[in-house]
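Every number here is computed from the coordinates shown, using simple stated rules; none is lab data. As the structure is a computational prediction, the values presented were derived from the model and not from experiment.
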Amino acid sequence: MQDSKRGIFGFIAVTVAIAVIAIIVLTQLDREEPETRVPVDERSPAHELAIFSAGNYVSEQDARVKKFAEILDEISTNTSSTKSEVANLATDSVIELRNEKDVEITLEEFLEKASELSAETSSKTKFEEIASKVTIIFSEEGTEA
């Protein structure tokens, strides 16, 4: 009788030990390194746009950051405005379209249209002029819908 009790206790002890080890191993595997956030004053304009677009923090390696960087490069090359100026004005314009004009538009849609228009203008043109045109275009499309 005692041998069977020892056998049961031994079996239970081994089972519990295996379960504890499995839990420890699984929790260690599930742990990811905490994401290191880039401080606000060190973020690129493209990174800021990607965060705005996503609605929450995204990594610098996120595909949206690369996409916004390409668009900002195109626009800043085609205008007299800096990437920061373009990013700030585009964000403000999208917020205005959404809140004041009730137009559903993404930041990427706005910047892609702005990029198209900037390619057709003089490099002396300020992005403010292009943003105004894009805002009017999307406002008119919004009222037609």
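GNM, the chain, Cα, under 10 Å: largest mean-square fluctuation among 58, 25, 134? Taking springs between Cα atoms under 10 Å, the residue moving most is 25. The length gained by stretching the chain between residue 137 and residue 121 to full extension, at 0.36 nm per residue less their Cα-Cα distance, is 4.1 nm. Under a Gaussian network description of the chain, with springs only between Cα atoms under 10 Å, the residue in 22, 69, 90 that fluctuates furthest is 22. Backbone geometry of region 82-87 corresponds, through the Karplus equation with coefficients 6.51, -1.76 and 1.60 at θ = phi - 60°, to 3J(HN,Hα) couplings of 7, 4, 5, 4, 4, 4 Hz, x marking Gly and Pro. Of all lysines in the structure, the ones whose alpha carbon falls short of 26 Å from that of residue 67, not counting any fewer than 8 places away in one chain, are 83, 113, 124, 126, 133.
Overall size of the chain from C-alpha positions, given as principal axis extents largest first: 95, 35, 22 Å.
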